[in-house]
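As structure tokens, the structure follows; a few thoughts come after it.
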Amino acid sequence: MFYDLNQMGGHIPKNDRRRFDDRLAEWNVMLRSTPRLQRLVLGINYRNSKEIAAQSTALLKTALPTKVLSEAPVFETGSVVEYQIKETEILDTLCLALKQLLSTYAARDLAVAILGVPHKRLGDDLLGRGFQVTRDVRDAATFVGRALDLRGHERQAMVVLAPPTHRLTRNFGHAIEAYIAMSRAIRQLIIFTAEVGQ
């Protein structure tokens with residue numbers, strides 16, 4: 001039996017605990033009303049590489065009732081790279097990463113998702129350095145903004161700017177947002193973790 005959680009009222013906004021609890025309650029009613037249910041499997045079907053699917057689902061392992069499985073990806077050529085950087089290095093490091101990615105991909109095939117790291121002027125700073133960036137996910141330029149705005153929009157390569165993982169997974173809403181950002185990457189995922197104040 002296939003049961004799509006997103007069909008039960010659409011996506012839940014970050015920190016909307018009441019809607020999340022309501023959805024789980026409805027889901028539990030469905031599970032209890034299914035005769036002789038013996039196994040529960042949570043799955044995703046994004047078109048990521050095996051490496052990216054493993055990285056993004058690992059974030060949710062402590063927040064859900066069972067492990068999230070992903071359908072077998074058709075390719076294993078993706079890459080996940082993770083770097084720890086100082087807050088003062090964000091702009092220079094991001095510029096270097098985007099220059100390298102633009103040698104392989106078009107600007108519209110890239111996105112930068114900002115998660116819980118205060119850097120509101122990042123898009124303007126990148127424009128000032130000559131990059132084609134936008135805050136509108138539909139534009140033919142590199143998207144720079146919130147992960148939530150990327151729902152339904154995949155990119156060949158994603159750069160995720162985030163606090164350290166232990167800070168993301170303490171808050172369920174932030175973990176979901178990080179998962180959205182990471183699962184948007186099809187072939188390449190770069191994660192820059194920056195501890196604020198360093």
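The values are calculated or read from the model by the stated rules, or taken from the named source; none is laboratory data. Note that the structure is a prediction, hence the values are computed from the model and not measured. Because the Cβ atoms are built from the backbone with ideal geometry, glycine has one as well, and the counts that use them run over all protein chains shown. We work out accessible area using only protein heavy atoms, side chains counted, and drop any ligands, DNA or RNA first. Shrake-Rupley method; radii C 1.70, N 1.55, O 1.52, S 1.80 Å.
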Label-point gap, in nm, between residue 124 and residue 82 - each point 7 angstrom along Cα→Cβ: 3.3 nm
field: Largest-first ordering by accessible area, 1.4 Å probe, given options 159, 29, 133, 81
entry: 29, 81, 133, 159
field: Zone of residue 103's modelled label, taken as backbone nitrogen in segment 125-169 under 19 Å from a point 7 Å along Cα→Cβ
entry: 130-132, 156-159
